[in-house]
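Single-structure report; data block below.
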Amino acid sequence: MKNFTNVIVDMVKQAKLFAPQGGPIILAQIENEYGNIISSYGEDGKSYINWCANFAESLNVGVPWIMCQESDAPSSMINTCNGFYCDQFWPSGQNMPKFWTENWSGWFKTWGGHDPHRSAEDLAFSVARFYQYGGTLQNYYMYHGGTNIGRAAGGPYITTSYDYDAPLNEYGKSYIVPSWSVSILPDCAPEVYNTAKNYGAFIDRTPTGILGPVKLIAPNNVENDLSTNEWAYKVGLDGMVRGLGSVTNKEKKRYKWRGNIPVNQMFVWYKMWPDLIRKSKEGGLNAIETYVFWNAHEPLYRQYDFSGNLNLMKFLKLIQDEGLYAILRIGPYVCAEWNYGGFPVWLNSIPNMTFRTKNDAFMNEMKNFTNLIVDMVKQEQLFASEGGPIILAQIENEYGNVISSYGNNGKSYINWCANFAESLSIGVPWIMCQESDAPPSIINTCNGYYCDQFWPNNQNIPKMWTENWSGWYKDWGGQDPHRTAEDLAFAVGRFYQYGGTLQNYYMYHGGTNFGRVAGGPYITTSYDYDAPLDEYGNLNQPKWGHLKKLHSLIMSMEKVLTYGEVNNTDYGRMMSSTVFSYNGTRVCFFGNANNQDERGERVTLQVNCTCHVLHAFFNGKQIGSQWVRNGQYSFVFERDAKLKQGTNTISLLSVTVGLQNYGAFFDKTPNGILGPVKLIAPNSVEKDLSSNEWAYKVGLNGLEKGLENIDIEGKKHKWHSHIPINRMLVWYKTNFRTPKGKDPVVLDLYGSGKGMAWVNGHDIGRYWPSFISDENGCSSSCDYRGAYYASKCLTNCGKSSQRCCGFIGVGIIARNSYGACISWRAIKINLPYDPETAEAQAAVQALHLGKENGWLHIIIEGDCKTVIDSINENKSSLGKIGPLLEEIYWLKSGFQEIPFSHTFREGNLAAHALARLACSSSVIKDVLPFDIIDIVTSDSIG
């Protein structure tokens with residue numbers, strides 16, 4: 001201690017920073033809050049504190065020395081106060097000034113804890129009381145707490161954030177954030193988009209729209225049915241009729257479109273085809289399957305489109321160029337979660353039309369389109385019989401699921417489909433999926449998650465799986481579906497074990513539902529499908545790589561699987577084996593369709609741990625983790641594990657989340673795995689492993705290798721592009737450009753688990769957003785009256801105990817009575833998103849905007865109804881928006897007329913655009929960008 005203190009004092013003296021040298025330092029402190037624990041050390045403690053005082057005086061710094069929380073400080077020291085209130089504190093010597101070295105402006109955060117808050121009123125009250133009772137110096141602890149960069153956080157369990165509810169928040173900004181926000185993403189209400197229904201029997205008869213009746217009901221319940229009144233009817237929106245979605249030169253002139261957008265560069269999905277096909281081939285596929293979308297190729301009666309993204313022949317030729325086969329599913333009903341199942345809506349304009357049944361009108365149109373596609377393919381010689389890649393073609397699609405709804409006409413229709421397909425003489429087999437009673441000339445195939453138990457209706461035709469659903473589609477308002485790589489591979493392996501010959505993934509790449517092609521209804525624009533290639537064409541790992549290995553293995557056994565003799569053995573309990581034998585070569589499949597793994601004896605691993613976090617691994621596989629809650633820094637960890645034959649390995653990783661930083665003898669606080677460590681059998685027999693030979697290591701390999709250091713070009717270490725998720729002990733690296741402006745920059749790691757983060761080689765601290773605080777204990781209101789204590793005004797219940805603050809974008813548009821924009825504001829706020837607070841802040845900012853412009857009559861519209869209703873009802877609240885409501889009521893008094901009204905989200909398009917602008921730039925210029933002006937203009941037109 002003496003050595004280090006001498007170093008610091010010498011450095012300060014050398015820089016001439018003490019007051020007698022003309023510097024700013026007027027006080028110096030030795031020791032800290034020792035009076036709280038001195039009794040634990042007995043006489044040695046008293047001797048120690050006297051030594052501290054004598055040592056300090058010997059340093060001759062020329063300014064007074066202080067000791068905080070040390071009531072019996074030696075006479076040469078000034079004893080000071082720390083706490084929430086120090087007005088009743090008095091120094092030990094009558095001739096000493098009354099100092100308050102730590103006025104606690106809030107409190108620290110702990111992992112898994114709530115957010116403490118101390119009101120400004122109470123803090124000001126304590127300061128005034130201190131000076132009222134003779135105080136001479138008061139210091140806030142903290143005025144700015146900042147961030148526990150690296151591993152500085154102690155505690156243990158102190159968070160990386162040391163915001164402390166201080167007057168300057170963690171990022172150096174004023175804690176009382178300016179109040180604004182009209183348009184925020186996300187907002188208070190979700191948006192939905194309706195599309196036509198696409199699947200099932202009689203899809204052409206599915207009702208949609210306003211079917212009525214429409215009534216007026218008087219207070220006395222007398223009804224007037226308006227259904228038979230004369231109604232005007234219009235399809236489409238004014239903006240679409242006016243061509244606001246177009247970019248021709250004429251419309252640029254009419255509607256003042258700005259910017260140079262070359263039309264031939266827009267919507268160029270077809271430019272990704274070569275890359276997608278190549279990645280499919282690299283993933284082990286040898287064939288590509290595709291639908292043909294009738295409503296895309298013939299959007300209007302006898303008007304065809306095969307350009308750009310609809311260039312079917314180009315797509316088939318690209319498949320051929322990669323040396324792959326193709327499967328052409330003409331349909332022309334496709335389902336595919338595609339709008340109207342792929343049928344053109346104009347079909348309904350033809351008299352006596354009924355889809356997908358024995359109906360002359362429908363069959364004539366289906367025949368015309370199918371003939372068109374087949375003729376185009378023949379002309380390009382793309383069928384395998386002509387030397388092309390197409391080895392199979394499909395007529396109709398999943399008709400067996402709905403055929404019973406059509407009765408005898410359905411059976412007649414499916415026979416007509418088969419006869420018509422055969423008449424086209426394409427030289428390759430025709431298939432029908434999900435059609436168990438397909439005519440003999442057609443191969444019936446399977447669609448679904450599992451097709452190992454499917455068998456075709458004819459013993460002499462191959463067993464084919466046209467749709468192995470690699471995931472599922474998304475709905476607006478729905479969750480994201482996922483199918484594991486393991487389960488998908490299991491389904492493929494079982495299919496080939498039981499005699500499968502062809503298996504196709506639906507989808508291997510789903511892509512995007514551009515425009516209005518999404519069906520459903522309520523199918524999202526994304527058609528990612530959790531496919532091996534994601535929506536954007538990237539490898540979806542581990543699915544893509546896991547399947548690639550499977551494909552390579554199966555293809556290496558192709559001849560044996562195709563020509564070999566088959567011997568199946570059923571072992572019962574969903575377990576079986578299949579042996580293929582051909583010319584002395586054998587291939588074996590062992591299948592286990594049980595949900596539970598029954599091999600190996602199960603035991604319980606028990607670890608007595610005096611640690612903060614414990615991760616346990618059994619034979620290299622993580623079996624569980626446990627961490628401290630509620631300040632109890634010791635626990636018993638118990639998890640089940642499975643023994644294997646031979647040697648079993650246990651690895652235990654103990655994690656320290658900050659060393660003890662307060663209390664008597666805190667240097668003696670035990671930490672780590674103190675044992676015992678036991679294995680407990682199901683019959684309760686225990687084996688104590690504490691005396692076994694254990695290897696021991698401090699730190700992680702990545703830190704030893706310096707993975708946290710800057711290595712932009714990846715020369716020092718090899719980084720993999722295939723990023724694993726939901727996996728422990730992984731180092732992730734990315735690059736980003738320095739944001740513009742001088743505002744603080746924070747790293748929001750919400751969605752991550754727990755770990756450490758480095759920026760440009762600097763350790764910025766721990767993150768642990770997955771640690772959720774208790775749902776109970778928070779205050780709906782905070783009364784500043786009465787003594788403050790650390791748990792008095794808690795917030796953030798049931799949320800991440802520390803989430804690095806991101807920012808929200810706010811946009812405000814002011815219009816005159818004609819709808820023209822006369823003023824605007826776009827602001828970025830360093831604040832976690834909260835819709836009600838943001839809307840209330842927005843109202844305050846809108847009032848300030850009106851006041852600055854001298855307006856007396858204004859209308860304020862917002863899309864968060866709860867806040868608008870609170871303002872209109874003059875509600876008072878001590879909750880989070882209470883102070884903002886009071887400010888709104890005060891500002892309202894300066895206007896002659898100021899109604900507040902609720903508008904739905906679609907009424908705020910321009911404000912939303914400004915909000916996005918604020919999010920994307922820290923510097924908002926005085927002149928709006930062209931694209932924002934366009935939105936403002938179109939918003940006022942619509």
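Details
- Residue, nearest to GLN394 (Cα to Cα), within segment 348-370, restricted to residues that are among the basic types (Lys, Arg) and open to solvent by 20 Å² or more (accessible area, probe 1.4 Å): LYS367
- Candidate set: segment 663-683, residues that are at pLDDT 85 or above and β-branched (Val, Ile, Thr); chosen: the one least open to solvent (accessible area, probe 1.4 Å): VAL677
- Filtered by the rule that a residue be assigned to a loop (DSSP other than H, G, I, E, B), modelled with pLDDT under 55, out of contact with any Cys (no Cβ under 9 Å at 6 or more places or on another chain) and open to solvent by 80 Å² or more (accessible area, probe 1.4 Å), segment 189-234 gives PRO190, GLU191, VAL192, TYR193, ASN194, LYS197.
- Test for GLY134: is it without any contact (Cβ under 8 Å) to a residue 60 or more places away in the chain and open to solvent by 20 Å² or more (accessible area, probe 1.4 Å): yes
- Being modelled with pLDDT under 95 and open to solvent by less than 30 Å² (accessible area, probe 1.4 Å) is not true of MET96.
- Considering residues of segment 608-634 that are assigned to a strand (DSSP E or B), open to solvent by 30 Å² or more (accessible area, probe 1.4 Å) and free of Cβ contacts under 8 Å to residues at least 60 places away in the same chain only, the residue farthest from SER773 (Cα to Cα): LYS621
- Cβ pairs under 7 Å, 6+ apart, first in segment 858-870 and more than 21 Å from GLN896 (Cβ to Cβ) and open to solvent by 70 Å² or more (accessible area, probe 1.4 Å), second acidic (Asp, Glu) and not in a strand (DSSP E or B): THR866/GLU836
To keep it simple, each residue is scored yes or no on (1) open to solvent by 20 Å² or more (accessible area, probe 1.4 Å); (2) in a helix (DSSP H, G or I); (3) basic (Lys, Arg).
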residue	(1), (2), (3)
ASN54	yes, yes, no
TRP100	no, no, no
ASN103	no, no, no
ASP122	no, yes, no
ALA128	yes, yes, no
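- Scan segment 635-676 for residues that are part of a strand (DSSP E or B), of a type in the set (S, T, N, Q) and free of Cβ contacts under 8 Å to residues at least 40 places away in the same chain and the total you get is 1.
- Only one of the listed residues (GLY584, GLY564) is of a type outside the set (Phe, Trp, Tyr), surrounded by 17 or more Cβ atoms within 10 Å (Cβ to Cβ), over 44 Å from the mean Cα position of the chain (by Cα) and modelled with pLDDT of 85 or more. That residue is GLY564.
- Filter result for LEU653 (of a type outside the set (Lys, Arg), modelled with pLDDT of 85 or more and either open to solvent by 70 Å² or more (accessible area, probe 1.4 Å) or farther than 25 Å from TRP768 by Cα (or both)): no
- From the options TYR529, TYR536, residue that is crowded, with 20+ Cβ neighbours inside 10 Å, closer than 20 Å to SER280 by Cβ, among the hydroxyl-bearing types (Ser, Thr, Tyr) and modelled with pLDDT of 90 or more: TYR529
- Residues of segment 489-526 that are farther than 29 Å from GLY564 by Cβ and either surrounded by fewer than 22 Cβ atoms within 10 Å (Cβ to Cβ) or of a type in the set (Lys, Arg) (or both): GLY511, THR512, PHE514, GLY515, ARG516, VAL517, GLY520, PRO521, TYR522, THR524, THR525, SER526.
- Hits in segment 672-712 - residues which are more than 13 Å from SER651 (Cα to Cα) and touching a Cys at 6+ places or on another chain (Cβ under 6 Å): GLY672
- Within segment 801-817, considering residues that are part of a loop (DSSP other than H, G, I, E, B) and modelled with pLDDT under 75, the one most open to solvent (accessible area, probe 1.4 Å): ARG803
- Set side by side, the residues ASN447, ASN457, ASN468 differ, and just one is free of Cβ contacts under 8 Å to residues at least 60 places away in the same chain, within 29 Å of the chain's Cα centre (by Cα) and within 15 Å of CYS433 (Cβ to Cβ), which is ASN468.
- PHE84 being at pLDDT below 95 and touching a Ser or Thr at 6+ places or on another chain (Cβ under 7 Å): yes
- Residue-level check: of (1) more than 55 Å from the chain's Cα centre (by Cα); (2) of a type outside the set (Phe, Trp, Tyr); (3) at pLDDT 90 or above, ASN103 misses just (1).
- Pair list, Cβ < 8 Å and 6+ apart or interchain, from segment 270-289 residues that are touching a residue at least 12 places away in the same chain (Cβ under 8 Å) to residues that are part of a helix (DSSP H, G or I) and among the hydroxyl-bearing types (Ser, Thr, Tyr): GLY284/SER552; ILE288/SER280
- Note on segment 351-378: residues that are in contact (Cβ under 8 Å) with a residue 24 or more places away in the chain and either of a type in the set (Lys, Arg) or on the phi > 0 side of the Ramachandran plot (or both) amount to 4.
- Tally of residues being surrounded by 20 or more Cβ atoms within 10 Å (Cβ to Cβ), within 26 Å of GLU386 (Cβ to Cβ) and touching a residue at least 60 places away in the same chain (Cβ under 8 Å) across segment 321-341: 7
- Residues (farther than 26 Å from THR159 by Cβ and small (Gly, Ala, Ser)) located in segment 73-120: ALA73, SER75, SER76, SER92, GLY93
- Looking across segment 818-831, just one residue is touching a strand residue (DSSP E or B) at 6+ places or on another chain (Cβ under 8 Å), surrounded by fewer than 20 Cβ atoms within 10 Å (Cβ to Cβ) and at pLDDT below 75, and that is LEU831.
- Yes/no for LYS740 being free of Cβ contacts under 8 Å to residues at least 40 places away in the same chain, more than 27 Å from THR110 (Cα to Cα) and either open to solvent by 70 Å² or more (accessible area, probe 1.4 Å) or assigned to a strand (DSSP E or B) (or both): no
- Just one of the listed residues (SER791, SER780) is at pLDDT below 80 and either surrounded by 14 or more Cβ atoms within 10 Å (Cβ to Cβ) or in a loop (DSSP other than H, G, I, E, B) (or both), and it is SER780.
- Residue pairs whose Cβ atoms lie under 9 Å apart, separated by 6 or more positions or on different chains, with the first residue in segment 57-72 and within 17 Å of LYS98 (Cβ to Cβ) and in contact (Cβ under 8 Å) with a residue 60 or more places away in the chain and the second open to solvent by less than 70 Å² (accessible area, probe 1.4 Å) and part of a loop (DSSP other than H, G, I, E, B), do not occur.
- Within segment 13-46, being surrounded by 11 or more Cβ atoms within 10 Å (Cβ to Cβ), in contact with a helix residue (DSSP H, G or I) (Cβ under 9 Å, 6 or more places away or on another chain) and in a helix (DSSP H, G or I) holds for LYS13, GLN21, TYR34, GLY35, ILE38, TYR41, GLY45, LYS46.
The values are calculated or read from the model by the stated rules, or taken from the named source; none is laboratory data. Just so you know, these numbers come straight off a predicted model, no measurement behind them. Cβ: placed from backbone, ideal geometry, glycine included. Neighbour counts: every protein chain shown. Protein only, heavy atoms only, side chains kept; ligands, DNA and RNA dropped before computing areas. Shrake-Rupley method; radii C 1.70, N 1.55, O 1.52, S 1.80 Å.
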